[in-house]
Amino acid sequence: MIPSTTTAKAQARRLRQDLGATGVPVGHARALELVAHLHGVRDWNTFVALASDAAAPDVPAAGPTAGPGVPVLRVRSAAVAVPFYVSYLGFTLDWEHRFEPGLPLYVQVSRSALVLHLSEHHGDGSGPTVVWVPVVDVHGLQAELRARTDVPLRPGIDLDAPGGPTMEVVDPDGNVLRFAQRVPS
């Protein structure tokens, strides 16, 4: 049985840490590919398609339906943006793509079911933009972010926001992530 992508990403992180500790550096994208191979799958993209969490209960596995959209956020420097998303917001760097050395970087980061693409490409996104993100516990997320002392942000929560209690976080490029906790009607 193919495990969930969350489990596989955790395996890739452990693999990177263990190999790094022995002096064998492995990038995250390569670690994901190795985990896919470990489970008998050709590559990471195929693994994601086959993963036990690939077909969400509200999205049929086949048919003319669309999956969730993936926002593309324009960033000036992935070297600045990626650490903000990974170290501060708790995302995982899933993969990076560059057509050749010296060209703009395009990356995917994710946290739980939220997937974002960050692009240095001039034509991607007119930025800055706003992404509305539903969360189960906005107060818990706020506490998690406030506990991180390496970034001097202390986001507040707007209890009267139209989508429910909402915390806004602005990335280094001005893109706004609105984490909103839905309130039962």
inquiry  = Restricting to the stretch 131-150, name every residue that is under 22 Å from Arg76 (Cβ atoms) and exposed (fewer than 14 other Cβ atoms within 10 Å of the Cβ).
reply    = Asp150
message = on the phi < 0 side of the Ramachandran plot, hydrophobic (A, V, I, L, M, F, W, C) and assigned to a strand (DSSP E or B): is that true of Val86 in this structure?
response = no
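Okay, residues lined up against (1) charged (D, E, K, R); (2) at positive phi; (3) part of a loop (DSSP other than H, G, I, E, B):
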residue: Ser126; (1), (2), (3): no, no, yes
residue: Trp132; (1), (2), (3): no, no, no
residue: Gln142; (1), (2), (3): no, no, no
residue: Leu145; (1), (2), (3): no, no, no
residue: Asp150; (1), (2), (3): yes, no, yes
residue: Arg154; (1), (2), (3): yes, no, yes
residue: Glu168; (1), (2), (3): yes, no, no
residue: Arg178; (1), (2), (3): yes, no, no
residue: Val183; (1), (2), (3): no, no, yes
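Condition check ((1) at pLDDT below 90; (2) surrounded by 12 or more Cβ atoms within 10 Å (Cβ to Cβ); (3) farther than 16 Å from Val176 by Cα) across all residues:
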site	(1), (2), (3)
Asp94	no, yes, yes
Arg98	no, yes, yes
Leu105	no, yes, yes
Glu120	no, yes, yes
Gly127	yes, yes, no
Pro155	no, yes, no
key: Ala161 being part of a strand (DSSP E or B), touching a residue at least 12 places away in the same chain (Cβ under 8 Å) and either surrounded by 13 or more Cβ atoms within 10 Å (Cβ to Cβ) or of a type in the set (S, T, N, Q) (or both)   = no
query = Restricting attention to the stretch 7-26, which residues are surrounded by 13 or more Cβ atoms within 10 Å (Cβ to Cβ) and under 21 Å from Val107 (Cα atoms)?
reply = Thr7, Ala8, Lys9, Ala10, Gln11, Ala12, Arg13, Leu15, Arg16, Val26
ask   = Between a first residue in the stretch 115-139 that is in contact (Cβ under 8 Å) with a residue 60 or more places away in the chain and a second residue that is part of a strand (DSSP E or B), which pairs have beta carbons less than 8 Å apart while being 6 or more apart in sequence or on different chains?
value = Val131/Leu73; Val131/Leu116; Val131/Val176; Val131/Leu177; Val131/Arg178
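The values are calculated or read from the model by the stated rules, or taken from the named source; none is laboratory data. In this text the structure is predicted, and so the values were computed from the model without any measurement. All Cβ positions, even for glycine, are placed from backbone atoms using ideal geometry, and neighbour counts span all protein chains on display.
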